[in-house]
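The values are calculated or read from the model by the stated rules, or taken from the named source; none is laboratory data. This structure is a prediction, so every number in the text was calculated from the model and none was measured. Reconstructed Cβ throughout: ideal geometry from the backbone, glycine too, with neighbour counts over all protein chains shown.
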Amino acid sequence: PSAMRELQVHVPTVKWNDIGGGQEVRLKLEQAVEWPLKHGESLKRLGIKAPKGVLLYGPPGCSKTLVAKALATETNLNFISIKGSDIFSKWVGESEKALRDLFRSARKVAPAIIFLDEIDALGANRGSSTSNTVHERVLSQLLTEMDGVNPLDGVVIVAATNRPDCIDKALMRPGRLDRLIYVPLPDYETRWQILKIQFEKIPTKDVSIEEIAKKTDGYSGAEVVAVCTEAALAALQEEMNAEYVQMSHFESALASVTARTPQSLLNLY
Ligand code: ATP
């Protein structure tokens, strides 16, 4: 299949309401992405230079992808995404063409967000199976494409990574990914909201959201969601006709799903 056919252009369906917390991230994204696309002239009038690209960084499973999608949904922007690792694995020998196609399709469907997930995979020294020359060529193609992006033409790049230390410095130069937005582990309030959203789908009885939110300190958003799934499975394990998930099930889920973000990773941010 041609590289083109792998690209999916769509407006996602994730809403801000589907996401717990994240108000600060939302505001920063709106300023950096939505305003330049929708109010480019106003920014120019006040002497603000619109960023071409934004880098979302932070621990895995903490809503980087969700917020990028919600921004696209709520501002009615097309969304084209690609994973750093896929650029090499899917299109052996065709990576540069794939990148050219990606940016070309984005311009065609503008206003659009190009979401580059795992952008650290494009860093030069990952020591992966891909040879250094391939890495260099792909990286330099990406830089060329980025330099051709103009937010006033309706295309903005949103990149994401867990490993900001592995990103090639050339990607961070002014005029490229020049706005950094940290997406942290969820705090108590955010975990409470994630649980609240989950409980709209999971019938519970005598379950204390506050207690689970308290006991999931250090968990990623994805891990909080996993606790809910594990609790529901525990309820079914006990009784296939179960109609509710109870606190005892959450307690066993909390014992099996633990916080896995290493401190060494958090120290990087
Ligand atoms: P990765 O770095 O692993 O790609 P990510 O930061 O992009 O992770 P997402 O893919 O956005 O994380 O989130 C993973 C899953 O975790 C989501 O599909 C959702 O179920 C859950 N999740 C994480 N954070 C939140 C949140 N704040 N609100 C609701 N759900 C969340």
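Once segment 10-45 is narrowed to residues that are more than 11 Å from the ligand (Cβ to nearest atom) and among the β-branched types (Val, Ile, Thr), the residue that is nearest to Phe79 (Cα to Cα) is Val11. When residues in segment 36-71 are screened for being among the aliphatic types (A, V, I, L, M) and under 26 Å from Asp18 (Cβ atoms), 9 of them pass.
Scanning segment 10-20 for residues that are at pLDDT 95 or above and either surrounded by 17 or more Cβ atoms within 10 Å (Cβ to Cβ) or outside any helix (DSSP H, G or I) (or both) yields a count of 4.
Of the candidates Lys52, Lys64, Lys83, the single residue that is crowded, with 21+ Cβ neighbours inside 10 Å and either among the aromatic types (Phe, Trp, Tyr) or under 25 Å from Glu223 (Cα atoms) (or both) is Lys64. Within segment 67-98, the residues that satisfy the criterion of being within 19 Å of Ile194 (Cβ to Cβ), without any contact (Cβ under 8 Å) to a residue 60 or more places away in the chain and within 13 Å of the ligand (Cβ to nearest atom) are Lys69, Ala70.
Results for (1) modelled with pLDDT under 90; (2) assigned to a helix (DSSP H, G or I); (3) buried (at least 21 other Cβ atoms within 10 Å of the Cβ); (4) at negative phi, shown as yes or no for each residue.
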| site | (1), (2), (3), (4) |
| --- | --- |
| Glu24 | no, yes, no, yes |
| Leu29 | no, yes, yes, yes |
| Leu43 | no, yes, no, yes |
| Pro60 | no, no, no, yes |
| Lys69 | no, yes, yes, yes |
| Thr73 | no, yes, no, yes |
| Arg104 | no, yes, no, yes |
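Looking across segment 197-226 at every residue that is in contact with a Lys or Arg (Cβ under 9 Å, 6 or more places away or on another chain) and among the aliphatic types (A, V, I, L, M), the one that is nearest to Trp16 (Cα to Cα) is identified as Val224. Among the numbered conditions (1) more than 16 Å from the ligand (Cβ to nearest atom); (2) touching a residue at least 60 places away in the same chain (Cβ under 8 Å); (3) on the phi > 0 side of the Ramachandran plot, the only one that Pro111 does not meet is (3).
With respect to (1) modelled with pLDDT under 90; (2) at positive phi; (3) touching a Pro at 6+ places or on another chain (Cβ under 6 Å), the lone exception for Gly93 is condition (3). On the basis of being surrounded by fewer than 20 Cβ atoms within 10 Å (Cβ to Cβ), farther than 16 Å from Gln141 by Cβ, in contact with a helix residue (DSSP H, G or I) (Cβ under 9 Å, 6 or more places away or on another chain) and among the charged types (D, E, K, R), does Lys108 make the cut? Spelling it out, it is not the case that Lys108 is surrounded by fewer than 20 Cβ atoms within 10 Å (Cβ to Cβ), farther than 16 Å from Gln141 by Cβ, in contact with a helix residue (DSSP H, G or I) (Cβ under 9 Å, 6 or more places away or on another chain) and among the charged types (D, E, K, R). Output the residue which, of all residues in segment 117-176 that are of a type in the set (Val, Ile, Thr) and modelled with pLDDT of 90 or more, is surrounded by the fewest Cβ atoms within 10 Å (Cβ to Cβ). Among those residues, the one meeting the criterion is Thr144. Within segment 144-166, residues that are more than 30 Å from Leu266 (Cβ to Cβ) and touching a residue at least 12 places away in the same chain (Cβ under 8 Å) have Cβ atoms under 8 Å from residues that are outside any helix (DSSP H, G or I) and among the charged types (D, E, K, R) in these pairs: Asp147/Arg176; Val149/Lys52; Asn150/Lys52; Pro151/Lys52, counting only partners at least 6 apart in sequence or on another chain.
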